[in-house]
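Below is one structure, written out as C-alpha cells; comments come after it.
The values are calculated or read from the model by the stated rules, or taken from the named source; none is laboratory data. Note that the structure is predicted; figures quoted are calculated from it, not measured. Using ideal geometry, Cβ is built from the backbone for each residue, glycine included, and neighbour counts are taken over all protein chains shown.
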Amino acid sequence: MSEALLDDLETCVTDGRVIRSVDAMEPYRRDMCTLVEPGMPAAVVVAGSTDDVSRTLAWAHRHAVAVVPRAAGTGLAGGAAAQNDCVVLSLTGLNHIEIDADDRLATVGPGVINADLSRAAAPFGLFYAPDPGSYELSTIGGNIATNAGGLRCVKYGVTRHAVLGLEVVLADGTVLHTGGRMVKDVAGYDLTGLFVGSEGTLGVITSATVRLTPLPAERPATVVAQFKTVDQATAAVVAVSRSRVTPSMLEFLDKATTNAIEDCRSHGLDRDAEALLLCQLDGAGADSASAHVERLFIDAGAIETARSTDPDEGDMLWSARRLAHVAVEALGANIVEDVGVSPSRLGELLRAIDAIAVTYDVLIATVGHAGDGNMHPCIIFDPLNDDERDRAYAAAEEVCRQAIRLGGTITGEHGIGQFKRAWLRHQLGPDEMRANHAIKSALDPRGILNPGRAL
C-alpha cells in the first residue's frame, strides 16, 4: 500500500491513532489460533471513538482496503488474524461501561473485558451472565462477534440472549443503531440478532446494550462426580436434563484432560476416572437441588461424589475446569474443536471422538459444556511432524462430520473464522450458503470487512 494512501488515512482519524511501524504492529497481527498464519497489515488504527471507526471504514470503502476488526485477540478460529496489506482496526479503546440498575441493563463498549462488566455490576447486585472460558481476557465486542457462550449457558443462555441493542458501523462508515433497551421489541427485522455472531464481516460493533441478571441470593452449590466410563457420565447428564433441576453449570472432563490439569497444578482430581462431571446450582434451594443432582450422579454409576456450598471449595474445583485449555496446551500443539450436539446425543459424540482418536492415531483430550452439548475436543500433535499434523487435521474434520451426522454443529461458540471455512459446507447446503452470501453482499458490497472469514 502506498505511503500516500496511508497518509490520507491518518488525516481521517484522531491524531496518533494510526500505527505504521512494523514492530509496533506485531502485537495486533495474531489471535489465539496458532494454526492460522497471520499476514502483515499495512496499518493499525487504534480507535478511540465511534467516529474513528466510521472514518476508518469510510476510507477503506473508498479505496477497497480490507479491514480486520479485533479487540483482545482471544479468538480460537483465526477470525482476528491480520491479512497482508489490510488495516487492523483495534477496538480495545472503546471501553465505556454505564450501569442502569433500575432496568438491569448496561451500555458498554466492545473493548470492555467480560469479567470487568460483572465486577462493575456487582455493587448493584447484578452480573453479566455469558462467561466464556476466557472471561478474564476476552471482550464484550469479541464475545458478540462470535456469539460466545461459556459455562453458564445451560441456564442463562449465550451472548445473543443478553444483547438487546447495538451501535454498529457498516462497511461504508454509516453508523447504524439496532434494537434498543427493551426485552420486547419487534419493530423491523432482528438486525441485532443478525450482527451477533457475524464475526466482524457485516459491521463493526462500537457499543452494546446488554441485559444484567440479579446475583443469586444464596451461595451456589457445587457437585463433582467421577465415573468409570464415559457412558455413565453422559447418562448422568441426560438424567439431570430430564429432572426439574436446571444447573447454572454442568461440565464434562475426560481422563486425558483431568490428567493434564493435575500435571499443570494439583487439584486432587482422580487421575484414573474415565470421566468427571462438575455441576453448579445457584439461586433459591441450591443446596437441596445439589443433593438431588448428587443422587442422580450416583444412580448413573458415579464411583465417587462430593458436594459443597463452601465458596473456597467451589472456586478450587471451577478453577480446575477453567485451567483445562492452558493445561492441554502444555501437551503440545493442538486443534481446539468446538462441536455441539443435543445433550441426549452427547454419548454418541464422545464415542465417535474416541474412535477417531484410534483411527487417526492421535491424542484427543475432550472438555466441554455437557449441559448444552457443546464439546471441545483438543487434538494434540507435533507441529514438526508433517504426518502427525496431517492426521490431526484429518481427525478434526472428521470430528466435525460426526457432529453434523448427529444433528449438531461444527461450531457452538468459537465461530468459523478462517480455520473452519472449508468445513462449513459440510453443515450448510448450497441454498443456505447463497442466503448468507446475499446478506454479506448487501451490507458489505465491496467485501472489505474481514474478508475470507465466517463464510
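Some notes on this structure:
- Within this structure, Glu251 passes the test of being at pLDDT 95 or above and not assigned by TED's automatic domain parsing to the domain that holds Gly157.
- Inter-residue pairs, beta-carbon under 6 Å, first of a type in the set (Phe, Trp, Tyr) and in segment 36-63, second crowded, with 21+ Cβ neighbours inside 10 Å and in a helix (DSSP H, G or I), 6+ apart: Trp59/Leu9
- Against the criterion of being at pLDDT 95 or above and among the aromatic types (Phe, Trp, Tyr), Tyr156 qualifies.
- When Glu413 is tested against (1) in contact with a strand residue (DSSP E or B) (Cβ under 7 Å, 6 or more places away or on another chain); (2) more than 19 Å from Leu202 (Cβ to Cβ); (3) not hydroxyl-bearing (Ser, Thr, Tyr), just one condition goes unmet, and that condition is (2).
- Residue list for segment 298-316, filter: within 28 Å of the chain's Cα centre (by Cα) and crowded, with 20+ Cβ neighbours inside 10 Å: Gly314
- Matching residues, segment 381-404, being over 15 Å from Thr359 (Cβ atoms) and not aliphatic (A, V, I, L, M): Asp382, Pro383, Asn385, Asp386, Arg389
- Scan of segment 406-424 for residues that are in contact (Cβ under 8 Å) with a residue 40 or more places away in the chain and not hydrophobic (A, V, I, L, M, F, W, C), ordered by number: Gly407, Gly408, Thr409, Thr411, Gly412, Glu413, His414, Gly415, Gly417, Gln418, Lys420
- Segment 4-30: number of residues that are in contact (Cβ under 8 Å) with a residue 60 or more places away in the chain and closer than 13 Å to Arg70 by Cβ: 2
- Qualifying residue in segment 254-275 (condition: under 15 Å from Leu346 (Cβ atoms) and surrounded by fewer than 23 Cβ atoms within 10 Å (Cβ to Cβ)): yes
- Boolean, Leu76 is surrounded by 21 or more Cβ atoms within 10 Å (Cβ to Cβ), in contact with a His (Cβ under 7 Å, 6 or more places away or on another chain) and in a loop (DSSP other than H, G, I, E, B): yes
- The combined condition, being assigned to a loop (DSSP other than H, G, I, E, B) and without any contact (Cβ under 8 Å) to a residue 24 or more places away in the chain, is fulfilled by Gly268.
- All told, Val53 falls short of being surrounded by 21 or more Cβ atoms within 10 Å (Cβ to Cβ), not in a helix (DSSP H, G or I) and not charged (D, E, K, R).
- Condition met for Arg322 (over 18 Å from Gly373 (Cα atoms) and among the charged types (D, E, K, R)): no
- Verdict on Leu250 being in a helix (DSSP H, G or I), of a type outside the set (Phe, Trp, Tyr) and touching a His at 6+ places or on another chain (Cβ under 8 Å): no
- Among the residues of segment 338-377, the ones that are of a type in the set (A, V, I, L, M, F, W, C) and in contact with a Ser or Thr (Cβ under 7 Å, 6 or more places away or on another chain) come to 7 in all.
- Top-ranked residue of segment 75-108 - restricted to ones that are under 19 Å from Gly452 (Cα atoms) and of a type in the set (S, T, N, Q), ranked as nearest to the chain's Cα centre (by Cα): Ser90
- All helices (runs of 4 or more DSSP H) inside segment 289-369 with 1 or more residues being over 24 Å from Asp263 (Cβ atoms) and among the β-branched types (Val, Ile, Thr): 346-360
- Qualifying residue in segment 117-127 (condition: touching a His at 6+ places or on another chain (Cβ under 6 Å), surrounded by fewer than 17 Cβ atoms within 10 Å (Cβ to Cβ) and not polar (S, T, N, Q)): no
- Residues of segment 109-138 classified as more than 12 Å from the chain's Cα centre (by Cα), assigned to a loop (DSSP other than H, G, I, E, B) and of a type outside the set (Val, Ile, Thr), total: 7
- Selection of helices (runs of 4 or more DSSP H) fully inside segment 381-455 by the criterion of at least 2 residues being out of contact with any Cys (no Cβ under 7 Å at 6 or more places or on another chain), within 26 Å of Cys153 (Cβ to Cβ) and in the same structural domain as Ser198 (by TED's automatic domain parsing) returns nothing.
- Looking only at residues in segment 412-439 that are more than 15 Å from the chain's Cα centre (by Cα) and among the small types (Gly, Ala, Ser), the one that is surrounded by the most Cβ atoms within 10 Å (Cβ to Cβ) is Ala435.
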